[in-house]
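The values are calculated or read from the model by the stated rules, or taken from the named source; none is laboratory data. Computed from a predicted model, the values in this text were never measured in an experiment. We place every Cβ from the backbone using ideal geometry, glycine too, and count neighbours over all the protein chains shown. The protein model used for the area step is the full one, side chains on, heavy atoms only, and it has no ligands, DNA or RNA in it. Shrake-Rupley method; radii C 1.70, N 1.55, O 1.52, S 1.80 Å.
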Amino acid sequence: MNDASAVAEAGTPAQVPLGTIFWTFLTAGAISFGGGVVAYLREYTVSDAKWLDDEGFLDALEISQTLPGLNAVNMSVIIGDTLRGIPGAIVAVVGLVLPGVVIIMGLGAFWQEQSHNPQIKAFLIGVAAAAVGLLSTVTLQLGHKQFVKPLDLAIITATFVAISILHVPLYIVLVVIGSAAVLLYRPGAKHPQLEERARHLRERLRHRHYISLRH
Amino acid sequence: MAKLFNLAWVFMLLAILAVGGGTAVLPEMEHLTVDHFQWITRGEFRDIYSLGQVAPGPNMLMVLLIGQKMAGAMGALVVGLAFFLPDCILTLVANRLWVHFKDSPWRAAVQHGMAPVAIGLMLAGTYAIARLSIFNLTSLLIATTIFVLLLWRHINPALLVLAGGLTYLLLPHVVHLFPH
């Protein structure tokens, strides 16, 4: 008892009110048009509110990416839970998705009413085509380390071929290719030859400035 | 009732399989909702995906519209809970256990091994949307222009998405203004 209050007085930061958490995630959820929610979360929770530092944020991102689910939602769970436990996680997630839920339901109602409108159809085809450009860039940016590593490139190719060309069910791909990939990287496994070739390839890529990605 | 039950287990399954995020699970979602259950057509799947791009927040909120189309507001609620709740609970538990396996050598193995799998799945997701939307010169032009623009510099993706939609809508009319 005494110890706990002593620690609190010694400068544990005051509990962040649930309302503040909710409001912060609501703002991030409302403003992040076109994806990139994680970038907004970083701005609000690290730069502005200082609820966690960059390292803490990257740790949370690491957990989020390893687990299934949307990164932004998983991030909200972790940050909310770290700040205020389960209630914090709940208000963070609800805040994050609430603006999108309201807007997408409105858009959906409008779309169902206008289902035969050729102009709406044309606009949505253009949006999907734009999304292909966006997704290609995001995939390239996320995978810039993996694409130049022969072992990783082989895993990427096998996964893509299995899903897109052979139409293997996703759970089989995850079990078979996933566990094979984890075993290839099992503790103690060494890929000296591959690593050497990868280093070589990276050098060449850097040299030629094939791709210059800016964030 | 059977419909709601099917919606619930399909989207719960998709949630658990969503390693690498929402894009990674798009091909399976398309297969299950369009081919297997025939809840929506391929064109509707593309439209719903695009609506998710236009709304703020996570793009995958689009799944609500599949539920809404099938069973109204109740369908949207069931799909929303089925698609988001399992991963939230999983993340909550993992976050609290993280300290125990943070330094395990197998954690690094899982992370290094699953990273390229996730990238492969994102590629497959991108390809799935490309097959639905790129079928003429205009759409190809929109996708490649945005890809090149984004490699060159950072531009707000929301603006690019709107520009893509407007270009596809207006370009045919603009071209007609100039006689050959």
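Computed 3J(HN,Hα) for the range A:56-73, one whole-Hz value per residue from the Karplus formula 6.51 cos²θ - 1.76 cosθ + 1.60 where θ = phi - 60°, is x, 5, 5, 4, 4, 5, 4, 4, 4, 6, 6, 8, x, x, 6, 4, 5, 5, glycine and proline marked x. One compactness figure for the protein assembly as shown is 1.02, namely its Cα radius of gyration divided by 2.2 N^0.38 Å.
Given a Förster distance of 30 angstrom, what is the FRET efficiency for B:HIS100 paired with A:TRP23, based on the Cβ-Cβ distance and rounded to 0.05? Write out the running numbers ahead of the final one.
On the way: r = 33 Å, r/R0 = 1.10.
With R0 = 30 Å, the Cβ-Cβ based efficiency is 0.35.
Annotation: amide H of A:PHE33 within the under-5 Å range of B:GLY57, sequence separation 5 or more or interchain, hydrogens built in the peptide plane.
Rounded to the nearest Hz, the phi-derived 3J(HN,Hα) couplings of the range B:97-108 under the Karplus curve 6.51 cos²θ - 1.76 cosθ + 1.60 (θ = phi - 60°) are 8, 3, 4, 6, 10, 4, 9, 5, x, 6, 5, 5, where x marks glycine and proline. Inter-chain Cβ neighbour count for B:60-66, averaged per residue, equals 5 (cutoff 10 Å, partner chain atoms only). Comparing B:ALA82, B:ALA94, B:ALA143 in a Gaussian network model of chain B where C-alpha atoms under 10 Å apart are linked, the largest mean-square fluctuation is found at B:ALA94. Of the peptides A:110-117, A:92-99, A:148-155, A:166-173, the order by per-residue mean of other Cβ atoms within 10 Å, starting with the highest, comes out as A:92-99, A:148-155, A:166-173, A:110-117.
Taking the centroid of alpha carbons for each part, the range A:120-146 and the range B:145-164 are 9 Å apart.
Which value, in square angstrom to the nearest 100, describes the accessible area buried between chains B and A on both sides, using a 1.4 angstrom probe? Could the numbers behind the result be given before it?
Working: alone 12100 and 15560 Å², together 19700 Å².
Result for this pair: about 8000 Å² buried.
For the residues of B:140-153, the average number of beta carbons from a partner chain within 10 Å of their own beta carbon is 5. Residues of the range B:92-118 with an amide N closer than 17 Å to a point placed 7 Å from the Cα of A:VAL176 along the Cα-to-Cβ direction: B:117-118.
Entry comment: accessible area of the protein assembly as shown is 50 Å² per residue, from protein heavy atoms only and a probe of 1.4 Å. Residues whose amide H comes within less than 5 Å of that of B:VAL19, counting only those at least five positions distant or on another chain, are A:GLY69 (H built at 1.01 Å from N in the peptide plane).
In terms of its C-alpha gyration tensor, chain B comes out oblate, because a/c is 1.5 or above while a/b does not outweigh b/c. Starting from the Cα gyration tensor of the range A:2-151, take the square roots of the eigenvalues, sort them a ≥ b ≥ c, and report rounded, prolate or oblate (rounded when a/c is under 1.5, otherwise prolate if a/b is larger than b/c, else oblate). Oblate. Peptide A:17-27 has a mean of 0 when you count, residue by residue, the C-beta atoms of other protein chains within 10 Å of its C-beta. The alpha-carbon atoms of the range A:130-187, seen along their principal axes, cover 37, 27, 14 angstrom, with the largest extent given first. Comparing the chain by itself with all protein chains present, which residues of the range A:82-108 are at least 50 Å² less accessible (probe 1.4 Å)? Correct list: A:ILE104, A:MET105, A:LEU107. The portion of the accessible surface of the range B:26-95 made up by carbon and sulfur, rounded to a whole percent, is 65 (1.4 Å probe; DNA, RNA and ligands excluded).
Nearest 0.05, what FRET efficiency do A:VAL161 and B:LEU141 give at R0 = 22 Å with Cβ-Cβ as r? For A:VAL161 and B:LEU141, the calculated efficiency is 0.20. Couplings 3J(HN,Hα) for the range A:86-96, derived from phi with the Karplus relation 6.51 cos²θ - 1.76 cosθ + 1.60 (θ = phi - 60°), are 4, x, x, 5, 5, 5, 5, 5, 4, x, 4 Hz, where x marks Gly and Pro. The packing ranking of peptides B:28-38, A:178-188, highest mean first, is B:28-38, A:178-188, where packing means the average number of other beta carbon atoms within 10 angstrom of each residue.
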